[in-house]
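Structure first, then comments.
No value in this document is a laboratory result; all are computed from the given coordinates. Only a predicted model underlies this, so the values are computations on that prediction, with no experimental measurement involved. Cβ sites come from the backbone with ideal geometry, for glycine too, and all protein chains shown count toward neighbours.
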Amino acid sequence: MLTDFKLAHSMFSDTVRELAGAQDRSLLKELVGYEKVEGEIAYLPSIDDASSDEATVTDAKSTKTRKTYEAIETPALADWIGIQTPHMAVGKQKTTVTPKVIEWGHSFGKNEKVLDKLTSQDRVMRSGMKKIFKQEDLLIIGGMSAASVARVVGTANGTTTSNVALPASQAFETANVGYLSFADCTTIMKLLEDQYVTDPVFCLMSPTDKKLFIDNNEKINDTDFVNSHEYFHSGKLPDVYGIHFVSHPLVTPGTLHVWAKEAIIWADFQGLDPNIGPAPTQRFSAIAHMDELADVKRNDDLKYIKVTIKAS
């Protein structure tokens with residue numbers, strides 16, 4: 001029976017920390033933005049460029065100054081306003097995030113050698129971390145593809161939200177039935193470049209759509225996909241016309257997700273917290289548990305595109 005829970009907690013924490021950085025960890029968390037937040041509700045600030053005033057350009061010789069104002073014999077109010085420093089409206093908005101609990105737990109029997117199992121090589125520990133990774137990925141996929149997002153629009157300090165739907169302009173259907181083509185890629189990149197996107201651009205697709213993409217485009221092969229964390233160590237990610245492709249089994253076939261990194265935010269309320277303790281009411285077994293609090297939201301609609309593979 002496990003009695004040294006201080007040692008067990010230290011071992012469990014070390015194991016979780018090691019597995020959280022393993023090569024089979026969630027790849028998607030590397031591909032989205034990150035924001036540390038706190039509270040029962042938090043807000044991700046952003047700017048709506050469409051509702052923000054543009055900067056102006058004026059011939060320096062015709063720009064009004066205090067000197068030109070004083071030279072006017074009978075100045076009017078318009079003359080006084082003309083020499084003021086301009087104020088441009090900025091379209092401030094905030095996206096609402098609320099914590100979701102991702103957790104995993106496992107009970108060890110009274111007679112099990114628990115300390116032998118609290119290692120990064122143990123099948124139970126590795127399975128537990130993979131289940132955490134899976135829910136993290138589902139949270140990211142669901143957050144980026146949401147039909148609408150709750151936002152505070154029009155005031156920096158308000159708390160009244162409204163559901164903002166993904167604009168129709170951000171929906172794209174492939175030109176060909178059944179697969180994504182090179183021409184689709186260039187069109188998608190144009191849509192993002194029109195929004196002054198400078199962040200890395202990623203495309204998430206199912207293994208089924210990956211196969212069809214490769215089969216129908218002879219210049220594409222598996223090495224054109226980001227399939228390992230090693231790419232981030234080298235700093236060189238493969239791309240097709242500026243898009244970094246990622247295949248993931250949790251993506252629904254027929255739908256692709258394209259986004260610039262900072263358009264999707266992982267809101268971290270609490271990092272992964274491992275604990276292990278006794279369970280006297282369960283025949284003195286030991287319970288290992290880990291949880292984290294997070295949310296994922298689309299913070300810039302115009303830098304995300306939902307791609308649908310034409311069905312017929």
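In order along region 61-71, the phi-based Karplus estimate (6.51 cos²θ - 1.76 cosθ + 1.60, θ = phi - 60°) of 3J(HN,Hα) comes to 5, 9, 6, 6, 10, 4, 5, 5, 5, 5, 7 Hz; Gly and Pro are listed as x. With a cut-off of 12 Å between beta carbons, the residues surrounding Gly82 carry a summed charge of +1, where Lys and Arg count +1 and Asp and Glu -1. Pairwise Cα distances in region 40-125 exceed 15 Å for 78 percent of all pairs. Each of Ser26, Ser13 was scored by other Cβ atoms within 10 Å of its Cβ. Arranged with the fewest first, they read Ser13, Ser26.
Let me know the shape class of region 65-194, please: from the alpha-carbon gyration tensor, a ≥ b ≥ c as square roots of the eigenvalues, rounded when a/c is under 1.5, otherwise prolate if a/b is greater than b/c, or oblate. Taking the square roots of the gyration eigenvalues as a ≥ b ≥ c, region 65-194 is prolate. Strictly greater than 23 Å: what percent of every Cα pair in the chain meets that? Cα-Cα pairs of the chain separated by over 23 Å account for 67 percent.
A simple rule links phi to the HN-Hα coupling: the Karplus curve 6.51 cos²θ - 1.76 cosθ + 1.60 with θ = phi - 60°, which for region 169-178 gives 5, 9, 9, 9, 10, 5, 6, 9, 6, x Hz, with x for Gly and Pro.
The slack between Asp49 and Lys6, meaning 0.36 nm per residue of separation minus the straight C-alpha distance, is 10.2 nm.
Dipole magnitude of the chain about its Cα centre, charges +1 at Lys/Arg Cβ and -1 at Asp/Glu Cβ only, in debye to the nearest 20?
Values: 33 positive and 42 negative charges, 148 e Å.
The calculation lands at about 720 debye.
For the pair Leu250 and Asn176, a Förster radius of 25 Å applied to the C-beta separation gives a FRET efficiency near 0.50, rounded to the nearest 0.05.
For Val201, nonlocal amide neighbours, meaning residues 5 or more places apart or on other chains whose placed amide H falls under 5 Å from its own, are His244.
Amide hydrogen proximity for Ser285: with H placed 1.01 Å from N in the peptide plane, the residues at 5 or more positions away or on another chain lying under 5 Å are Ala279. Measuring against 18 Å, Cα to Cα, the residue pairs Lys110/Lys134; Lys190/Lys211; Lys29/Lys100; Lys29/Lys210; Lys100/Lys134 contain Lys110/Lys134; Lys190/Lys211; Lys29/Lys210 as the ones spanning a longer distance. Remark: spin-label model distance His87-Lys211 equals 6.1 nm, labels positioned 7 Å along the Cα→Cβ axis. Using θ = phi - 60° in the Karplus curve 6.51 cos²θ - 1.76 cosθ + 1.60, the 3J(HN,Hα) couplings for region 194-200 round to 4, 9, 6, 5, 10, 6, x Hz; x is entered for Gly and Pro. From helices alone, the chain scores -7500 deg cm²/dmol at 222 nm; the rule is -39500 (n - 2.57) for each run of n ≥ 4 DSSP H residues, then divide by the residue total. Residues Arg17, Arg151, arranged from fewest to most other Cβ atoms within 10 angstrom of their Cβ, appear as Arg17, Arg151.
When Trp259, Trp80, Trp266 are sorted by how many other C-beta atoms sit within 10 angstrom of their C-beta, beginning with the fewest, the order is Trp80, Trp266, Trp259. Modelled this way, with points 7 Å down the Cα-to-C-beta line, the labels at Asp199 and Ala279 are 4.0 nm from one another. Among the GluC sites (Glu not before Pro) found in region 10-105, those both in a DSSP coil and sparsely packed, with 15 or fewer other Cβ atoms within 10 Å of their Cβ, are Glu38, Glu40, Glu54, Glu73.
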